[in-house]
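The values are calculated or read from the model by the stated rules, or taken from the named source; none is laboratory data. It should be emphasised that the depicted structure is a prediction, and the values quoted were computed from it without experimental measurement. Cβ placement follows ideal geometry from the backbone for every residue including glycine, while neighbour counts extend to all protein chains displayed. The area values use the complete protein model at the heavy-atom level, side chains included, leaving out ligands, DNA and RNA. Shrake-Rupley method; radii C 1.70, N 1.55, O 1.52, S 1.80 Å.
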Amino acid sequence: MSKPAEPNATLGGACHCGRVAVHVPPSSAGVVVCHCEDCQKLHGGPFAMLVADRTDVRWEGEADVQWYRSSPENERGFCVHCGSRIAKRPVGGTKIMVSAGLFGHALPRTVVKNVWLEQKPAWVTASRTGPLTPDELVALALSEPIGSPTAEYGYSLRASSGNKRPPGVIALTWIAAADAAERERIRAHSRQNVADFVEEPGFISIVTGFTGLRGFTVTAWEDEASMKRALSKHHAVAMKELFGERFVASVWTSVWTPTRMNRLWVRCVGCGALEDVSDDHRACTKCEAALPERPAFW
Ligand SMILES: [Zn+2]
Ligand SMILES: [Zn+2]
Ligand SMILES: [Zn+2]
């Protein structure tokens, strides 16, 4: 019988002399490329890495890795025999960034993100993100940068209808998934909700996202009636699952009306003055240069 495919097989890499081998889970995010000056010195150029949870990484010959404190926040590991750069790890963090070069030319990955482009030398051509699939984007945003005791990082997205009218109500909600599978289920619901929202003429825009297992939404509507119309579609189905099944750990929703709406300011590209464009006029009152179209309020 032929060996079945192993979708959960780890990715294996090794240093030049082979004494240090490292295995990372296939779910590890990357390739992420760092162009900071520390990485340039330490790697002889940009540092291409796979990002993984430290506890998910399996080592052989770990005793041959020497760690060097390259900054107050980070350590870099190299093979004491051949000098290959093995990994970077934040001091006291939960993640590890393993050198992509250890995995050879057959590593089935593309560059998903370039970081620290501010410090990249002129001879390197790189753009901030590669061609990310939505799943790569989520994996990346959830794994990097590192969370701290007070901050948790995640990802967000904005979906807009182009509606320029001022918001009459804002809905603020959050929902906590019990685990990663529930998070995916919530995300599938929100994709359908957003599709309903953009069909509603009174919808303005939604900013939504996840930090860890906690999802949030900030949605602007012209009025409560348009919000209610949009929520009567797929959202009502999701609510039924939520209250009828064991689905989500906790949830809070709310609807807010404005206490005060301030002016909307846009900088004139001609004279550099900040112009109050709340009434959507298109010429600078100071220099008469043409102003760009007024952005939406949300
Ligand atoms: Zn080595
Ligand atoms: Zn760097
Ligand atoms: Zn001007």
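Structure notes:
- Per the conditions (1) modelled with pLDDT of 95 or more; (2) open to solvent by 30 Å² or more (accessible area, probe 1.4 Å); (3) more than 30 Å from D53 (Cβ to Cβ), the sole criterion not satisfied by S250 is (3).
- Residue within the stretch 160-181 that is modelled with pLDDT under 90, under 17 Å from the mean Cα position of the chain (by Cα) and open to solvent by 70 Å² or more (accessible area, probe 1.4 Å) present: no
- Among the residues examined, D280 qualifies as outside the structural domain of N163 (by TED's automatic domain parsing), under 23 Å from F203 (Cα atoms), acidic (D, E) and more than 16 Å from ligand 1 (Cβ to nearest atom).
This table checks each residue for (1) in contact (Cβ under 8 Å) with a residue 24 or more places away in the chain; (2) among the charged types (D, E, K, R); (3) in contact with a strand residue (DSSP E or B) (Cβ under 8 Å, 6 or more places away or on another chain).
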{"residue": "Q192", "(1), (2), (3)": "yes, no, no"}
{"residue": "T208", "(1), (2), (3)": "yes, no, yes"}
{"residue": "G212", "(1), (2), (3)": "yes, no, yes"}
{"residue": "M227", "(1), (2), (3)": "yes, no, yes"}
{"residue": "E245", "(1), (2), (3)": "no, yes, no"}
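- Failed condition for K41, given (1) among the basic types (K, R); (2) touching a strand residue (DSSP E or B) at 6+ places or on another chain (Cβ under 6 Å); (3) part of a helix (DSSP H, G or I): (2)
- Look at (1) open to solvent by less than 60 Å² (accessible area, probe 1.4 Å); (2) under 12 Å from M49 (Cβ atoms) and you find that R85 fails only one, number (1).
- In this entry, W67 passes the filter for residues that are open to solvent by 20 Å² or more (accessible area, probe 1.4 Å) and assigned to a strand (DSSP E or B).
- Answer from V91, V20 - the residue that is among the hydrophobic types (A, V, I, L, M, F, W, C), open to solvent by less than 80 Å² (accessible area, probe 1.4 Å) and within 16 Å of ligand 1 (Cβ to nearest atom): V20
- Just one of the numbered conditions (1) out of contact with any Lys or Arg (no Cβ under 8 Å at 6 or more places or on another chain); (2) surrounded by 11 or more Cβ atoms within 10 Å (Cβ to Cβ); (3) not in a loop (DSSP other than H, G, I, E, B) is not true of G215: (1).
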